[in-house]
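The values are calculated or read from the model by the stated rules, or taken from the named source; none is laboratory data. Computed from a prediction, not measured in an experiment: that's the story for all the values here. Cβ: placed from backbone, ideal geometry, glycine included. Neighbour counts: every protein chain shown.
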């Protein structure tokens, strides 16, 4: 029998209030269509990279006689712990991460020649073998943050460089320091594909490792710029900055009496002008199938400008320095396979006027109107890397022609070039041996005796052969680091090369030199050495 109503229940005829309508659910939050598309492109790229990695591992395993390793695909299940806003894929900019980060490039060289002299670079061209380059290191500290209020990222970078000699060489606390980077970069502020930066920055593209040379674009600038990625593989960079070469063509002080009959004098900058440099760079990658191979063309340009000025040639007598300008145009064709850093870069670069003398150099050997008008430089370069199994081959080469603004030929007008090959064989995963052979030549705009009563242009030649055994924890790869190396380098100079050195210089006296050194080289986590 069902129980009756409770004694304190409401009367049966009391109207029952209608339930309140449930609130509408909030609109779904999440990534926009553009962000989802960008994420899908990133996923496609990662899938291609995973496939390339699987093929490479299978090839290595086949060479070693082992079954290929299994690559575990990421799970589709959600993570058990909630992600921070900056960890969500649609909120993360490429290569940004929250917090403080440390990076470094460095090389330390301990050695000398076969007679106990301290070593120094033995190249006669601007860009030769790096085997006898001196100690140099960069220490980078950066801070990277995600800003939820604006859904953007910032990166603040400070890179300090230290160059030889170190305290352990001289016993002196005098150190050569340089601030290579000191800038802030903002990403996704307003436009999600836009990066803005300002400050002091090493600003450059692809290098030729064997020559320690950035043949197309290598600027060290106080300025700012914008980088816009139309897609993951199409990019436009614009930049402008200023510097002031240490030259009386750009800066001059003169003593002047203090005002109102004050005792003493002050140094007054009579001439104080800067060089303004701007650049533009556009690059795109054409993918060749799903193998990770591709072609990357690059077009590049610079403008250089300095306003007119006056400098003192005698007390209270001045001369006018004309307005200066210059230009650079260049292109690069990069080809890569996606397997173990195998690539080839071909570069052409031309410069004229003020830009032909280089970024930090002041014009010399001027035109009749005391300007750099008529100076020119042409450059062709090729660099690459090939690796298969336990073997690798690095290539570096360039040819350069420079003419200053002076109409007549002189010592500073030159054609020069270098070719370097470095084959390597790895002994397992922890050691290897490299052999480097190089040839460099230089023709100067001066005439020398040809030995038969006539004259000919000075043509100097140097040949170098090096043997470099090394050990590394990084495994196989021409660009894996760190390395600990032992180097023996044989240098041979002809008579013309020896004539380039002053009297009593041992490089001018010796036909053959022997360089022996222990060294170390590393790089990790540095924005200065991110590869495109």
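Any idea which residue in the range 165-184 is farthest from residue 123 (Cα to Cα), counting only those that are out of contact with any helix residue (DSSP H, G or I) (no Cβ under 9 Å at 6 or more places or on another chain) and either part of a strand (DSSP E or B) or in contact (Cβ under 8 Å) with a residue 60 or more places away in the chain (or both)?
Among those residues, the one meeting the criterion is 184.
Quick grid of which residues meet (1) modelled with pLDDT under 95; (2) closer than 30 Å to residue 511 by Cβ; (3) not in a loop (DSSP other than H, G, I, E, B):
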position	(1), (2), (3)
96	yes, no, no
101	yes, no, yes
107	no, yes, yes
116	yes, yes, no
124	no, yes, no
145	yes, no, yes
150	yes, no, no
153	yes, no, yes
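Which of the following residues is outside any strand (DSSP E or B) and buried (at least 16 other Cβ atoms within 10 Å of the Cβ): 352, 289, 338, 334?
Criteria check complete, one pass: 338.
So residue 496 ticks every box in (1) under 23 Å from residue 382 (Cα atoms); (2) modelled with pLDDT of 95 or more but one. Which box is left unticked?
(1)
Exactly one of these conditions fails for residue 372: (1) in a strand (DSSP E or B); (2) touching a helix residue (DSSP H, G or I) at 6+ places or on another chain (Cβ under 6 Å). Give me its number.
Result: residue 372 passes all but (1).
Mind checking whether some residue in the range 251-266 is part of a loop (DSSP other than H, G, I, E, B) and either touching a helix residue (DSSP H, G or I) at 6+ places or on another chain (Cβ under 9 Å) or within 21 Å of residue 348 (Cβ to Cβ) (or both)?
Checked against the condition, which is being part of a loop (DSSP other than H, G, I, E, B) and either touching a helix residue (DSSP H, G or I) at 6+ places or on another chain (Cβ under 9 Å) or within 21 Å of residue 348 (Cβ to Cβ) (or both), the range 251-266 yields no hits at all.
Is it the case, given these coordinates, that residue 201 is touching a residue at least 12 places away in the same chain (Cβ under 8 Å), assigned to a strand (DSSP E or B) and buried (at least 20 other Cβ atoms within 10 Å of the Cβ)?
Against the criterion (touching a residue at least 12 places away in the same chain (Cβ under 8 Å), assigned to a strand (DSSP E or B) and buried (at least 20 other Cβ atoms within 10 Å of the Cβ)), residue 201 qualifies.
I'd like the full set of residues that are assigned to a strand (DSSP E or B) and either surrounded by fewer than 17 Cβ atoms within 10 Å (Cβ to Cβ) or in contact with a helix residue (DSSP H, G or I) (Cβ under 7 Å, 6 or more places away or on another chain) (or both), limited to the range 205-223.
The answer is 218, 222.
Select the strands (runs of 3 or more DSSP E) contained entirely in the range 450-532, then report the ones holding at least 3 residues which are within 31 Å of the chain's Cα centre (by Cα) and without any contact (Cβ under 8 Å) to a residue 60 or more places away in the chain.
It comes to 455-471, 483-493.
Could you please find all residues in the range 309-320 being in a strand (DSSP E or B) and surrounded by fewer than 20 Cβ atoms within 10 Å (Cβ to Cβ)?
Matches in the range 309-320: 310, 311, 312, 313, 314, 317, 318, 319, 320.
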